[in-house]
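*Asks:* Take this structure, written in structure tokens, and hold onto it; I'll ask about it next.
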Amino acid sequence: MRIGRGPAALLAGALGFALVGCASNDATAPSAAGSASSGTPAGQPDANGDGKVMIGVLSPGDINDNGYYESFVVGAEKFATEKGWQVIKRGNVPPTEALSAARALCQQGVDMVALGASELKDAIPASEEPVCANTSWYVPSSENIQQSPRVTLSSDDPNQSMLAAGYATGLVMQQKNATKAGFVTGMEADFSVNAAKAYKAGIRMVVPNATLVTTYTGDFNDSAKAREAVQAQISQGVKVIYPYLGGATDAAAKLANTGGALTLTPGTDRCDSTDPRFDISVIFDPGAYFAAALELFAKGEMTLGTTKKWQLGVDPYPAVKICNATPEQTQKMDAFVADVASGKTDTAATVAKLGS
């Protein structure tokens, strides 16, 4: 999922998350925003000189999931509409089809290819093929992506955001006198295993004797498998469940609500959501990160072959928010974030010590 993970001031208003209608996950025709026949405004990044700016977006998940995958597309379309650009988007792209899907975007004349998550990293070799000549690429990066000459990577440190998520969970568990938490995710991959470790370590910073039940369903988007995992954890006495999922997030959270377990978000701020309800928002919003990259792209300042690393307490995102925090919880959370930002808390060392 990660979890992607630009001027900081841009981000606060970069993502308007009120959606109008639903997008299909199938490949779309160019959407929005301006007519190609009118020509590209001066200074716009029309890399291939065809008179229009087109952004191509590929997502491995459901682009109507009310969460991580959808926010990436919403961020692109909002920015593109404001600029008079066009967007081609496709959701539910299997990793095995990533390379061919990227080539298809290039054949349609896009100026940028953006991958919605690092699961589609197998598309990246197309960035150096003739079919994609002159295109820029944007990829949210996890630890398993190597830098490529035509790709801008956007990265954050999962140890920071997941340790903070665990710390916030620990504060809530302490208030509830709870000692058992749950983590439901998809594939048992390096990034999901490491996320669970960091989450456990954060909880144990507050509740030293806490235990974490981790379930790998094998699929971030399969709601039936997610519900089965949540039900099993509730039956084991879990009081807080983190659905670290994609399209299955809401199904898992709704069942957790029914079972009386507290829940967290995997990427976006949904403290205002009532169906399902979330108690902690863990915000590593890919749409906001992407909007920052598009702003630089529009100015001709997006440097290919580089990585932007977002830091907790330094940049607006990542961030963690307890939805109905007590003053004491807010004070402790702020102090934790400040210690991470200053380097006083060594997140990697803390995860190694407490996350096993």
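The values are calculated or read from the model by the stated rules, or taken from the named source; none is laboratory data. The model shown is predicted, which means the values in this text are computed figures rather than measured ones. Using ideal geometry, Cβ is built from the backbone for each residue, glycine included, and neighbour counts are taken over all protein chains shown. When the accessible area is computed, the model is the full protein with side chains, heavy atoms only, and any ligands, DNA or RNA have been set aside. Shrake-Rupley method; radii C 1.70, N 1.55, O 1.52, S 1.80 Å.
*Asks:* From the helices alone, meaning DSSP H stretches of at least four residues, give me the mean residue ellipticity at 222 nm for the chain, per-run term -39500 (n - 2.57), in deg cm²/dmol to the nearest 500.
*Replies:* Using -39500 (n - 2.57) per qualifying helix, the result is -11000 deg cm²/dmol.
*Asks:* Further, regarding this structure: Straight-line reach from Lys225: which aspartates and glutamates fall under 18 Å, measuring Cα to Cα and dropping same-chain residues less than 8 apart?
*Replies:* Correct list for Lys225: Asp62, Asp65, Glu188, Asp250.
*Asks:* Still on this structure, please answer the following. Compute, for the chain, the length of the dipole vector about the Cα centre, with Cβ point charges of +1 (Lys, Arg) and -1 (Asp, Glu) only. Units Debye, rounded to 20.
*Replies:* 820 debye
*Asks:* Which entries of Lys321/Lys353; Lys197/Lys309; Lys78/Lys180; Lys83/Lys344; Lys89/Lys309 show an alpha-carbon separation above 30 angstrom in the structure shown?
*Replies:* With Cα atoms farther than 30 Å apart: Lys78/Lys180; Lys83/Lys344.
*Asks:* Residues of the stretch 271-300 with backbone nitrogen within less than 17 Å of a virtual label 7 Å along the Cα-to-Cβ line of Asn324, please, listed as ranges.
*Replies:* Counting only backbone N, you get 271-281.
*Asks:* Now for a different question. Roughly speaking, what is the centre-to-centre gap between the stretch 282-356 and the stretch 203-224 when only Cα atoms are used, to the nearest Å?
*Replies:* Each part's Cα centre sits 21 Å from the other's.
*Asks:* Same structure again: For the chain, restrict the atom set to alpha-carbon positions and state the Rg and Dmax in Å.
*Replies:* Answer for the chain, Rg first and Dmax second: 20.1, 65 Å.
*Asks:* Next question. In the stretch 148-244, with Lys and Arg counted as +1 and Asp and Glu as -1 at Cβ, which of these residues, Thr215, Asn194, Ile234, has the Cα nearest the positive end of the dipole, that is, farthest along it?
*Replies:* In the stretch 148-244, that residue is Ile234.
*Asks:* For the chain, which whole-number percentage of the solvent-accessible area (1.4 Å probe, protein heavy atoms only) is attributable to carbon and sulfur atoms?
*Replies:* 48 percent
*Asks:* Starting from 0.36 nm per residue, how many nanometres of slack lie between Ala133 and Asp50 once their C-alpha separation is accounted for?
*Replies:* Computed gain between Ala133 and Asp50 is 28.5 nm.
*Asks:* Please report the antiparallel percentage of DSSP beta bridges with both residues in the chain, rounded to the nearest 5.
*Replies:* Details: 6 of 45 bridges.
Approximately 15 percent, going by the DSSP bridge assignments.
*Asks:* Also, quick follow-up: Semi-axes, largest first, in whole Å: what does sqrt of 5 times each Cα gyration tensor eigenvalue give for the stretch 239-356?
*Replies:* Numbers: eigenvalues 153, 89, 39 Å².
So the three semi-axes of the stretch 239-356 are 28, 21, 14 Å.
*Asks:* Where only protein heavy atoms count, and the probe is 1.4 Å, what is the accessible area per residue for the chain in Å²?
*Replies:* Here the per-residue accessible area is 39 Å².
*Asks:* Where the eigenvalues come from the Cα gyration tensor of the stretch 132-246, what are the semi-axes √(5λ) of the equivalent ellipsoid, largest first, in whole Å?
*Replies:* Each semi-axis is the square root of five times an eigenvalue, giving 32, 18, 9 Å.
*Asks:* Given labels modelled 7 Å from the Cα in the Cβ direction, how far is it in nm from Met187 to Thr274?
*Replies:* In this crude label model, Met187 to Thr274 measures out at 3.8 nm.
*Asks:* Under the classification rounded if a/c is under 1.5, otherwise prolate if a/b is larger than b/c and oblate if not, where does the stretch 291-351 fall, given a ≥ b ≥ c as square roots of the Cα gyration tensor eigenvalues?
*Replies:* Oblate.
*Asks:* Could you work out how much longer the chain between Leu99 and Ser235 gets when fully extended? Use 0.36 nm per residue separation minus the Cα distance between them, nm to one decimal. Let's see the in-between values first.
*Replies:* Working: separation 136, 0.36 × 136 = 48.96 nm, distance 4.21 nm.
So the extension gain works out to 44.8 nm.
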